[in-house]
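The values are calculated or read from the model by the stated rules, or taken from the named source; none is laboratory data. Everything quoted here is computed from the prediction, not taken from an experiment. All Cβ positions, glycine included, derive from the backbone under ideal geometry; neighbour counts span all protein chains shown.
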């Protein structure tokens, strides 16, 4: 395993280990509660940062530091079944959710204060039994699909954070901002299928290489295909194309 993948997996594991302390900042409810009171909460700030980062790094957050991604990558050792479809559900969650936040902000007349630690206990998410049960529910929402369905099922079908980055990436592609992306060299590919086998997001990487089209809404730029390709048919680049 290359050093870069060791680092990536270490970051994911660390992120998952501290998830009990940070999960409120990823909460889809906390931003609604804060908005109803005119408060910009930690989750509001975090989701904005996700969108901004996606303009330059795509969904690299998902592949490198997301706690949900970390635990799902661990579960791949138990169930490595590929996921081919199912990404529409997260949009059925995200669109009404964002609409509710928008309407609440209008009803409240905007935001009155910023409180990054809103509803946390000195910045930590779990401060009472209610928060503990909320954490366990969110954890179950992540791990059960991964065990029952396959690779990164939560990322494909449920994650309410992914659309922020997908929309940001599409905007980046539209205005051609320089950003991190994959580059392919089809003439080098030997059709060994290693990239397809190893991809945690179950993407048709080999087909993408031959088509010389590496952009994909579900790609999290984890670099597994880059580091696993012995003939260097895939690489990272930072470009505006």
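Assorted remarks:
- Residue among 45, 32 that alone is assigned to a helix (DSSP H, G or I), under 17 Å from the mean Cα position of the chain (by Cα) and either at pLDDT 95 or above or outside the structural domain of residue 99 (by TED's automatic domain parsing) (or both): 45
- Scan of the range 222-241 for residues that are in contact with a strand residue (DSSP E or B) (Cβ under 6 Å, 6 or more places away or on another chain) and under 17 Å from residue 151 (Cβ atoms), ordered by number: 225
- Qualifying residue in the range 200-214 (condition: within 18 Å of the chain's Cα centre (by Cα) and in a helix (DSSP H, G or I)): no
- Selection count, the range 179-195, where residues are in contact with a helix residue (DSSP H, G or I) (Cβ under 9 Å, 6 or more places away or on another chain), buried (at least 18 other Cβ atoms within 10 Å of the Cβ) and within 14 Å of residue 222 (Cα to Cα): 2
- Taken as a whole, the condition of being exposed (fewer than 14 other Cβ atoms within 10 Å of the Cβ) and farther than 30 Å from residue 238 by Cα does not apply to residue 49.
- Exactly one residue out of 218, 206 is out of contact with any strand residue (DSSP E or B) (no Cβ under 7 Å at 6 or more places or on another chain) and either within 23 Å of residue 70 (Cβ to Cβ) or in the same structural domain as residue 76 (by TED's automatic domain parsing) (or both), and it is 218.
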